[in-house]
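Student: Following this message is one structure expressed as structure tokens.
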Protein chains: 2
Amino acid sequence: MATKKKAAKKTAVKKKKPVILIVNDDGITAPGIRNLVEAVRDLGKVVVVAPDKPQSGMGHAITIGHPLRLHKVDPFNGIEAYACTGTPVDCVKLAVDKVLHSKPDICISGINHGANHSINVIYSGTMSAAVEAAIENIPSAGFSLLDHSIDADFSGAKVYARKVVELMLSTKLEKHTVLNVNIPVLPASHIKGIKLCKQAYAKYEEDFIERTDPNGRHYYWLTGEFVNFDKSKDTDVWALNNGYVSVVPVQFDLTNYSLKEKLEKLW
Amino acid sequence: MATKKKAAKKTAVKKKKPVILIVNDDGITAPGIRNLVEAVRDLGKVVVVAPDKPQSGMGHAITIGHPLRLHKVDPFNGIEAYACTGTPVDCVKLAVDKVLHSKPDICISGINHGANHSINVIYSGTMSAAVEAAIENIPSAGFSLLDHSIDADFSGAKVYARKVVELMLSTKLEKHTVLNVNIPVLPASHIKGIKLCKQAYAKYEEDFIERTDPNGRHYYWLTGEFVNFDKSKDTDVWALNNGYVSVVPVQFDLTNYSLKEKLEKLW
């Protein structure tokens with residue numbers, strides 16, 4: 001009898017809807033986050049806490065010198081949602097402490113307008129929000145579509161974001177799991193599938209454009225050409241160039257163990 | 001004869017002063033950067049490009065929506081120096097492209113007012129500037145003193161920052177080398193030495209303080225307690241607690257290879 005009760009209770013617990021926290025870095029009004037909400041809204045109890053303005057390229061910035069605000073909004077047709085005055089990482093911290101008052105089952109970030117493969121993972125607010133969740137023991141994923149435009153076609157991205165979230169919810173994930181998911185600009189039917197990859201070594205060859213303002217003073221615009229130095233076939237850049245969705249598991253222990261060993265012998 | 005000439009040329013090249021780029025995140029007027037300049041100014045040709053205002057907690061943020069400016073300043077008694085309107089990472093990018101017009105031999109960042117051990121490496125503008133340099137194939141180090149105060153005693157930190165820079169300049173370093181150097185608040189004579197470490201798994205237990213503004217609206221201040229979950233003796237936190245300068249070699253390939261392998265079998 002006791003065993004039966006336990007079993008029944010276990011089933012009830014299992015059937016509880018997972019709580020899915022959604023964040024992004026393009027801001028709460030971006031089409032990308034609307035598409036992510038639409039893609040997964042029936043998979044759990046969805047709560048959105050996202051920046052009230054674009055926060056691209058903010059990396060893992062946090063707000064320490066100013067207070068933050070949260071504004072309840074309703075852009076997602078009945079989904080609990082808040083616009084936050086802070087960075088993507090602030091959104092995750094505030095969501096856990098002041099909105100959910102507990103940890104969600106997973107945190108998903110995006111869908112970013114533009115690629116976050118290779119070295120972009122380091123500059124990306126989308127990915128930093130996902131990393132922040134994982135530091136907080138919340139398995140997470142960041143989703144990015146390889147199209148910067150405001151009217152990008154998210155149809156393929158929606159299908160694959162949902163697939164990855166279903167995989168995450170049906171797998172017993174390590175608590176520090178972070179997935180960097182990039183999606184090529186293709187209809188879902190043309191995407192070849194999901195490929196687990198390593199981060200390509202690529203970078204931007206910087207070239208600041210120098211201009212002169214009406215007062216005769218110089219200013220500089222950041223620009224640069226993306227160059228991939230990593231020609232191996234197990235990278236995210238290769239997978240995307242070949243029609244796959246790339247998934248790079250990401251870690252936040254930045255220790256370079258092999259260099260540590262070498263320097264221990266030298267110094 | 002030809003060989004002699006070559007040898008002479010080699011010696012001449014070897015004797016060329018190394019170019020040392022100095023950046024920070026506390027801003028160009030912070031005592032920490034002044035102490036770093038003083039500690040190493042005779043070891044090479046020093047050039048400073050640092051933010052014109054405090055940029056703590058900016059992580060790897062870059063400025064993409066606004067132009068940047070550089071202002072030539074002279075706070076370091078004859079050392080070439082520029083105040084930059086951007087983030088610490090912007091400073092490195094602009095220094096290479098528009099100030100030095102080439103890559104320096106090394107880039108050093110700091111001395112930060114406050115610890116950047118363990119998980120702090122991810123939020124730190126000081127460390128992100130060093131990582132940015134390494135992405136650009138410039139061996140780098142970030143230095144941090146475990147004291148936030150404006151009138152902190154940098155005497156021990158100066159001695160050890162110089163020691164690490166001397167080690168860097170006398171070692172053939174991998175081009176992607178990044179060192180996260182933290183220094184305890186002790187006189188140099190009480191510091192036990194330098195210890196190569198791994199990054200401790202530690203984090204902040206967040207607790208936003210909620211207040212109400214004069215218009216009756218809520219706002220939140222980020223606060224939190226630092227908790228170290230990693231009790232092993234090879235971490236930076238252990239080394240610092242035991243009177244050592246901690247040096248963690250840092251990498252920017254964030255791929256979690258063991259998780260990649262696991263998920264390849266599962267998905």
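Student: Determine, yes or no, whether residue A:206 is over 21 Å from residue A:30 (Cβ atoms) and either within 10 Å of chain B (Cβ to nearest Cβ) or modelled with pLDDT of 95 or more (or both). Walk me through it before giving the result.
Tutor: Values: over 21 Å from residue A:30 (Cβ atoms): yes; either within 10 Å of chain B (Cβ to nearest Cβ) or modelled with pLDDT of 95 or more (or both): yes.
Here the answer is yes, as residue A:206 does meet what is asked.
Student: Could you tell me whether residue B:237 is surrounded by 14 or more Cβ atoms within 10 Å (Cβ to Cβ) and facing chain A (nearest Cβ under 9 Å)?
Tutor: On the way: surrounded by 14 or more Cβ atoms within 10 Å (Cβ to Cβ): yes; facing chain A (nearest Cβ under 9 Å): no.
Considered against the rule, which asks whether it is surrounded by 14 or more Cβ atoms within 10 Å (Cβ to Cβ) and facing chain A (nearest Cβ under 9 Å), residue B:237 comes out as no.
Student: Can you tell me how many residues within the stretch B:50-65 are surrounded by fewer than 15 Cβ atoms within 10 Å (Cβ to Cβ) and within 9 Å of chain A (Cβ to nearest Cβ)? Can you show your working first?
Tutor: Here is the first cut: in the stretch B:50-65, the ones surrounded by fewer than 15 Cβ atoms within 10 Å (Cβ to Cβ) are B:53, B:64-65.
Narrowing the set further to residues that are within 9 Å of chain A (Cβ to nearest Cβ) leaves B:64-65.
Looking only at that region, the number is 2.
Student: With the requirement that a residue be touching a residue at least 24 places away in the same chain (Cβ under 8 Å), of a type in the set (A, V, I, L, M, F, W, C) and farther than 20 Å from residue A:137 by Cα, what does the stretch B:196-236 give you?
Tutor: B:196, B:197
Student: Here is a follow-up. The conditions are (1) free of Cβ contacts under 8 Å to residues at least 60 places away in the same chain; (2) more than 20 Å from residue B:124 (Cβ to Cβ), and residue B:169 fails exactly one of them. Which is it?
Tutor: (1)
Student: Give just the number: which of (1) free of Cβ contacts under 8 Å to residues at least 12 places away in the same chain; (2) within 9 Å of chain B (Cβ to nearest Cβ); (3) not acidic (Asp, Glu) does residue A:189 not satisfy?
Tutor: (2)
Student: Residues being of a type in the set (Val, Ile, Thr), in a helix (DSSP H, G or I) and out of contact with any Leu (no Cβ under 8 Å at 6 or more places or on another chain): count how many of those fall in the stretch A:107-130. Lay out the reasoning, then the answer.
Tutor: First, pick out the residues of the stretch A:107-130 that are of a type in the set (Val, Ile, Thr): A:108, A:111, A:119, A:121-122, A:126.
Filter once more, so that each one left must be in a helix (DSSP H, G or I): A:121-122, A:126.
Within this subset, residues satisfying the condition of being out of contact with any Leu (no Cβ under 8 Å at 6 or more places or on another chain) are A:126.
Qualifying residue count for the region: 1.
Student: Next question. Go through (1) within 11 Å of chain B (Cβ to nearest Cβ); (2) under 17 Å from the mean Cα position of the chain (by Cα); (3) over 18 Å from residue A:51 (Cα atoms) one by one and return the number of the condition residue A:124 breaks.
Tutor: Of everything listed in (1) within 11 Å of chain B (Cβ to nearest Cβ); (2) under 17 Å from the mean Cα position of the chain (by Cα); (3) over 18 Å from residue A:51 (Cα atoms), residue A:124 misses just condition (3).
Student: Mind listing just one residue for me: the one in the stretch A:209-228 that is in contact with a strand residue (DSSP E or B) (Cβ under 7 Å, 6 or more places away or on another chain) and more than 10 Å from chain B (Cβ to nearest Cβ) and, of those, farthest from residue B:69 (Cα to Cα)?
Tutor: A:228
Student: Restricting to the stretch A:45-60, count the residues that are more than 18 Å from residue A:100 (Cβ to Cβ), aliphatic (A, V, I, L, M) and modelled with pLDDT of 95 or more.
Tutor: Keep residues of the stretch A:45-60 that are more than 18 Å from residue A:100 (Cβ to Cβ), which gives A:52-60.
Checking the rest, the ones that are also aliphatic (A, V, I, L, M) come to A:58.
Subsequent filtering for residues that are modelled with pLDDT of 95 or more retains none.
Summing the residues that are more than 18 Å from residue A:100 (Cβ to Cβ), aliphatic (A, V, I, L, M) and modelled with pLDDT of 95 or more in the stretch A:45-60 gives 0.
Student: Note down all Cβ pairs under 6 Å where the first residue falls in the stretch A:246-267 and is without any contact (Cβ under 8 Å) to a residue 12 or more places away in the chain and facing chain B (nearest Cβ under 7 Å), the second is of a type in the set (Lys, Arg) and part of a strand (DSSP E or B), and they're at least six residues apart or on different chains.
Tutor: Every condition considered, the pairs that remain are A:255/B:198.
Student: While we're on this one: Considering every residue within the stretch A:113-125, establish whether at least one is free of Cβ contacts under 8 Å to residues at least 40 places away in the same chain and not small (Gly, Ala, Ser).
Tutor: Going residue by residue through the stretch A:113-125, those that are free of Cβ contacts under 8 Å to residues at least 40 places away in the same chain are A:120.
This time we only want the ones that are not small (Gly, Ala, Ser), so: A:120.
Yes, the stretch A:113-125 contains at least one residue that is free of Cβ contacts under 8 Å to residues at least 40 places away in the same chain and not small (Gly, Ala, Ser).
Student: How about the stretch B:31-106: which strands (runs of 3 or more DSSP E) wholly inside it have at least 1 residues that are among the aromatic types (Phe, Trp, Tyr) and in contact (Cβ under 8 Å) with a residue 12 or more places away in the chain?
Tutor: Details: elements: B:45-51, B:70-73, B:80-84.
Where strands (runs of 3 or more DSSP E) fall fully within the stretch B:31-106 and carry at least 1 residues being among the aromatic types (Phe, Trp, Tyr) and in contact (Cβ under 8 Å) with a residue 12 or more places away in the chain, they are B:80-84.
Residue-wise test of (1) surrounded by fewer than 16 Cβ atoms within 10 Å (Cβ to Cβ); (2) under 21 Å from residue B:128 (Cβ atoms); (3) not polar (S, T, N, Q).
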residue	(1), (2), (3)
B:163	no, no, yes
B:180	no, yes, no
B:188	yes, no, yes
B:202	no, yes, yes
B:208	no, no, yes
B:211	yes, no, yes
B:216	yes, no, yes
B:229	yes, no, yes
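Student: Which one of A:101, A:71 is surrounded by fewer than 24 Cβ atoms within 10 Å (Cβ to Cβ), more than 23 Å from residue B:59 (Cα to Cα) and within 11 Å of chain B (Cβ to nearest Cβ)?
Tutor: Details: A:101 fails: within 11 Å of chain B (Cβ to nearest Cβ).
Among A:101, A:71, only A:71 is surrounded by fewer than 24 Cβ atoms within 10 Å (Cβ to Cβ), more than 23 Å from residue B:59 (Cα to Cα) and within 11 Å of chain B (Cβ to nearest Cβ).
Listed here are the residues, each with its yes/no results for (1) polar (S, T, N, Q); (2) touching a Pro at 6+ places or on another chain (Cβ under 7 Å); (3) more than 30 Å from residue A:222 (Cβ to Cβ).
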position: B:106; (1), (2), (3): no, yes, no
position: B:126; (1), (2), (3): yes, yes, no
position: B:134; (1), (2), (3): no, no, no
position: B:141; (1), (2), (3): no, no, no
position: B:185; (1), (2), (3): no, no, yes
position: B:188; (1), (2), (3): no, no, yes
position: B:201; (1), (2), (3): no, no, yes
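Student: Please give the number of the condition residue B:27 fails out of (1) surrounded by 23 or more Cβ atoms within 10 Å (Cβ to Cβ); (2) among the small types (Gly, Ala, Ser); (3) outside any strand (DSSP E or B).
Tutor: Of (1) surrounded by 23 or more Cβ atoms within 10 Å (Cβ to Cβ); (2) among the small types (Gly, Ala, Ser); (3) outside any strand (DSSP E or B), only one is false for residue B:27: (1).
Student: Can you name every residue in the stretch B:34-72 that is touching a strand residue (DSSP E or B) at 6+ places or on another chain (Cβ under 6 Å), among the charged types (D, E, K, R) and under 25 Å from residue B:162 (Cα atoms)?
Tutor: Once the filter is applied, which keeps residues that are touching a strand residue (DSSP E or B) at 6+ places or on another chain (Cβ under 6 Å), among the charged types (D, E, K, R) and under 25 Å from residue B:162 (Cα atoms), the stretch B:34-72 yields B:45, B:52.
The values are calculated or read from the model by the stated rules, or taken from the named source; none is laboratory data. What you see is a predicted model; the values in this text were computed from it and never measured. Every residue, glycine as well, gets a Cβ built from its backbone with ideal geometry; the counts of neighbours run over all protein chains shown.
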